[in-house]
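K.L.:
Below: one structure in structure tokens.
Read the figures in this text as sums done on the coordinates, not as results from a lab. Just so you know, these numbers come straight off a predicted model, no measurement behind them. All Cβ positions, even for glycine, are placed from backbone atoms using ideal geometry, and neighbour counts span all protein chains on display.
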Amino acid sequence: MTAIPSDPPVRLMAAPFTAFDRDGGLDLDRIADQVAGLRADGVHAAFVCGTTGEGASLAEAERMRVVQRWCIEAGPEFDVVVHVGHASLRVAIELARHAASTGATAVAAVAPYFHRPRTVDELVEACAEVAGAAGSLPFYFYHLPDMTGVRVAMAEFIALGRERIPNFAGVKFTHNDLAELGQCLQVAGDDLEIMAGRDEILLASLAVGADSAVGSTYNFAAPVYLDMADAFASGDLASARHLQQVTRGMIDLVQPFGGLPALKAIASMVGVDCGPCRLPLHDLDDAARAGLRQELERIGFLKTLEQSRTRRGAVNETAAQTV
């Protein structure tokens, strides 16, 4: 494996879990540990109250409390992008106004997902309302067609959004269409940011031209992805492919073991325990957790993560001593 560059070839933003206590209430005291863990793993920002953060399962007031605490704990050197998307455009606007008052770095929003925009023009119109409520904060559109059902051409959306939304900053592209991702990157140019949103195809996204990414598994596996990106940048494709294969194997285990609850279970094994998920999702029982750990060991994920954390931690410590 090659040396770690001082300027990483990809900027990773974690989509953090929302921590709950055993009764399903918010456990905001966990956020300080989440921030510390992400920083230690080389993550530069958090995408708060998104899909992984169960934002759609939180009441409006709860989302505001979570955002406020994240902004306090993150401080000025760790970016907090607040997801404000909602089925109700009015609620999304209120969440955007609140985010702007908390010291957030930026806001993002999925499309309204019950009564949906049908065209690029309608989607831009809806996003402009939310973006306008955020004042001067940058606005990102969260493209998540598999969940929202809104499937419009993103390259066209970016071109029109650039014209009509003054604080438009880019797109969180959570879709498997790499050809469309490439189109988005081309249209965006250097002035807009297109963030790859599928962890399992991050390597392919880098090959298309992405240099930033948002993901669920960066909560606990960022060092492996950063090693993968370093290997790709240095031309060591064999190592890069191997590391993507290991992380993809971990992600492939998630759905059979319960989806998001399985991700939270993995985080509790190797990072910060954020408690259970909210209904209708169910936490893993002891037998399932044991089976998941056994499978993670079998595919080599836990060993690979330990190696990447050790390697990057040792290099970072050496670099700090020479500053």
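K.L.:
Based on Cβ point charges of +1 for Lys and Arg and -1 for Asp and Glu, what charge dipole magnitude is obtained for segment 11-315 about its Cα centre, in debye rounded to the nearest 20? Before the final figure, lay out each step's value.
P.N.:
Details: 27 positive and 39 negative charges, 33 e Å.
That gives segment 11-315 a dipole magnitude of about 160 debye.
K.L.:
Just name one of LEU28, PHE173, MET154: the one whose Cα is farthest towards the positive end of the charge dipole of segment 11-315 (beta-carbon charges, Lys/Arg +1, Asp/Glu -1).
P.N.:
LEU28
K.L.:
Contour minus end-to-end for ALA40 and ARG248, with contour as 0.36 nm per residue of separation and end-to-end as the Cα-Cα distance? Numbers along the way, then the final one.
P.N.:
Numbers: separation 208, 0.36 × 208 = 74.88 nm, distance 2.26 nm.
Once the chain is fully extended between ALA40 and ARG248, it gains 72.6 nm.
K.L.:
Sort ARG248, ARG30 so the one with the fewest other Cβ atoms within 10 Å of its own Cβ comes first. Provide the component values of the computation, followed by the final result.
P.N.:
Working: ARG248 16, ARG30 21.
If I rank by nearby Cβ atoms, fewest first, I get ARG248, ARG30.
K.L.:
Quick check on the chain: of the DSSP beta bridges with both residues there, what percent are antiparallel, nearest 5%? If you can, show how the numbers build up before the last one.
P.N.:
Numbers: 1 of 27 bridges.
Of the beta bridges lying entirely in the chain, close to 5 percent run antiparallel.
K.L.:
For the chain, what's the radius of gyration and Dmax over Cα atoms, in angstrom?
P.N.:
19.0, 56
K.L.:
A further question follows. For segment 254-267, take each phi angle, set θ = phi - 60°, evaluate the Karplus expression 6.51 cos²θ - 1.76 cosθ + 1.60, and give the result in whole Hz per residue in order, putting x for glycine and proline.
P.N.:
5, 5, x, 9, x, x, 4, x, 5, 4, 5, 5, 5, 4
K.L.:
Taking a point 7 angstrom from the Cα of THR310 along the C-beta vector, which residues in segment 207-238 have backbone N less than 19 Å away?
P.N.:
So the set is 221-228.
K.L.:
Put a dot 7 Å past each Cα toward the Cβ at GLU163 and ALA179; how far apart are the dots in nm?
P.N.:
2.5
K.L.:
Okay, moving on. Using helices alone, what [θ] at 222 nm do you get for the chain, with -39,500 (n - 2.57) per DSSP H run of 4 or more residues, divided over all residues and rounded to the nearest 500?
P.N.:
Details: 13 runs with 166 residues, N = 323.
One gets -16000 deg cm²/dmol as the mean residue ellipticity at 222 nm.
K.L.:
Considering the dipole of the chain built from charges on the beta carbon (Lys and Arg +1, Asp and Glu -1) around the Cα centre, which of ALA87, GLY182, HIS143 is farthest to its positive end?
P.N.:
The residue sitting farthest along the positive end of the dipole is ALA87.
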